[in-house]
1. Count, please, the residues in segment 265-284 that happen to be under 19 Å from the mean Cα position of the chain (by Cα) and either outside the structural domain of residue 330 (by TED's automatic domain parsing) or not in a loop (DSSP other than H, G, I, E, B) (or both).
2. Going through segment 325-339 one residue at a time, which ones are crowded, with 24+ Cβ neighbours inside 10 Å and assigned to a strand (DSSP E or B)?
3. Which of the following residues is of a type outside the set (Val, Ile, Thr) and touching a strand residue (DSSP E or B) at 6+ places or on another chain (Cβ under 6 Å): 319, 284, 334?
4. Listed residues 174, 197, 210; which is in a helix (DSSP H, G or I) and either crowded, with 24+ Cβ neighbours inside 10 Å or aromatic (Phe, Trp, Tyr) (or both)?
5. Any residue at all in segment 29-36 that is surrounded by 15 or more Cβ atoms within 10 Å (Cβ to Cβ), in a helix (DSSP H, G or I) and among the acidic types (Asp, Glu)?
6. Within segment 247-264, is there a residue that is β-branched (Val, Ile, Thr) and in a loop (DSSP other than H, G, I, E, B)?
Amino acid sequence: MTTPTARTAPSPPIAVTGVGLVTSVGIGADDTWQGVCAGRSPAARNPLLAGLPVDISCTVPGFCAREHVGRRSSLAHDRFSQLCITAAREAVADAGLDPRTWDGVRVGVVVGCGLGGVATWETQHRRMLEKGPEAVSALLIPMLVPNMAAGHLAMDLRARGPNLVTATACASGATAIGTALHLLRDGSCDVVVAGGAEAGVSPLMVTGFAQMGALSRRLDEPAAASRPFDADRDGFVIGEGSGMLVLEREADARARRARVRAKVAGYGASADAYHMTAPDPEGAGVLQALRTALAGAGVVPEEVDHVNAHGTSTPLNDAAEGRALRKLLGEGAAVTSTKGVTGHTLGAAGAIEAALTVLTVENGTIPPTANLERQDPEIELDIVAGSPRERKVEVAVSNSFGFGGQNAVLVITAA
């Protein structure tokens, strides 16, 4: 049973006018959406990871950096920046905006990233060991530091407003969108391009997660390895990608007759203050962030139609999140985890899932949780599985949590 909650006065909602996605199921929002709704994971054994304890991943298929970001950026930017720019360009075009004509001083960029340019780091370190320090690229530092996706994106879009990176581990992308809300509500910007990007599929990073016991060992059937909320889940599948949104004050968007795809109505953040990697088993921090986000949106729990869960496919995370959602929302909300398809994209996950939640609200279609064959009986939620569910969604929640006990929750409502 849920406890009735008093409604509070909402903060002004922020319009989502553009969506851009680059994921393991497609380059572009339409391809990603179709792939997620199909509910089939592209996870596969990755030759880059051959010989490691875990060698499966979800990588962006056929991504040609030179084609998407140009020759110069393909050589001078790490992959996480390239994915970010590709997704952001799609989002800006989708919003009907032109960086050549906008007032760049009033445009902000906020990008969430947990790792930064780890592929560049590993490649250059190997070169130094094999060929000496003179072989190390002069671009090493500008390619690997996590803020460079935001920096490169600002240059690409001629955006001269606040330029920020948020690093809250796997909540980073959602934290970026929450930060963008504040920039718009306090008048610092008129437009913010916000989201997350990560390209962490590298031998060292995968080995690190494997040594922690965080990754699935279902190596004989990689497409079935990511199985959020399933009784037989044993860890996540690492992925890569980027999700970017164009956000504006609703009045400004309406004034220029932009299509408002959905609205970000609330944001809540908290810390578990419990353990460096494990979640609070009772989900106390999650509940705090959920309540803050709902209160900011002026929404009571009974009104939540859908939750895009963090749902990593790890035993501890899924159980803790399930308890928190059950306690606050009961069984009224239809829950899904799109990580069953995309894998866990780390710092990009919260932004990718926020973008997918926007599309869910807009289309009235809730994607299924892939590979859910036998729901964990201790997770008492209405989890969408098997095929998409058609349902009118007026209020949705997107959950994102990260190592260090970082929690970020977004409330997304219909336009």
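The values are calculated or read from the model by the stated rules, or taken from the named source; none is laboratory data. This structure is a prediction, so every number in the text was calculated from the model and none was measured. Using ideal geometry, Cβ is built from the backbone for each residue, glycine included, and neighbour counts are taken over all protein chains shown.
1. Within segment 265-284, the subset under 19 Å from the mean Cα position of the chain (by Cα) is 265-271, 277, 279.
Remaining after also requiring either outside the structural domain of residue 330 (by TED's automatic domain parsing) or not in a loop (DSSP other than H, G, I, E, B) (or both): 265-271.
Residues meeting the conditions: 7.
2. 335, 336
3. Working: 319 fails: touching a strand residue (DSSP E or B) at 6+ places or on another chain (Cβ under 6 Å); 284 fails: touching a strand residue (DSSP E or B) at 6+ places or on another chain (Cβ under 6 Å).
The conditions single out 334.
4. Sole residue among the options that is in a helix (DSSP H, G or I) and either crowded, with 24+ Cβ neighbours inside 10 Å or aromatic (Phe, Trp, Tyr) (or both): 174.
5. Residues of segment 29-36 surrounded by 15 or more Cβ atoms within 10 Å (Cβ to Cβ): 29, 31-33, 35-36.
Checking which are in a helix (DSSP H, G or I) leaves us with 29, 31-33, 35-36.
Keeping just the survivors that are among the acidic types (Asp, Glu) gives 31.
Yes, segment 29-36 contains at least one residue that is surrounded by 15 or more Cβ atoms within 10 Å (Cβ to Cβ), in a helix (DSSP H, G or I) and among the acidic types (Asp, Glu).
6. Initial filter on segment 247-264 (β-branched (Val, Ile, Thr)): 260, 264.
Those left that are additionally in a loop (DSSP other than H, G, I, E, B): 260.
Yes - at least one qualifying residue is present in segment 247-264.
Yes or no, residue by residue, for (1) surrounded by fewer than 24 Cβ atoms within 10 Å (Cβ to Cβ); (2) of a type in the set (Phe, Trp, Tyr); (3) closer than 30 Å to residue 111 by Cβ:
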{"site": "304", "(1), (2), (3)": "no, no, yes"}
{"site": "319", "(1), (2), (3)": "yes, no, no"}
{"site": "323", "(1), (2), (3)": "yes, no, no"}
{"site": "341", "(1), (2), (3)": "no, no, yes"}
{"site": "354", "(1), (2), (3)": "no, no, yes"}
{"site": "375", "(1), (2), (3)": "yes, no, no"}
{"site": "384", "(1), (2), (3)": "yes, no, yes"}
{"site": "390", "(1), (2), (3)": "yes, no, no"}
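Conditions (1) touching a Ser or Thr at 6+ places or on another chain (Cβ under 8 Å); (2) in contact (Cβ under 8 Å) with a residue 40 or more places away in the chain; (3) assigned by TED's automatic domain parsing to the domain that holds residue 173; (4) not aromatic (Phe, Trp, Tyr), marked per residue:
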| position | (1), (2), (3), (4) |
| --- | --- |
| 304 | no, yes, no, yes |
| 325 | no, yes, no, yes |
| 336 | yes, yes, no, yes |
| 339 | yes, yes, no, yes |
| 348 | yes, yes, no, yes |
| 362 | no, yes, no, yes |
| 368 | yes, yes, no, yes |
| 386 | no, yes, no, yes |
| 401 | no, yes, no, no |
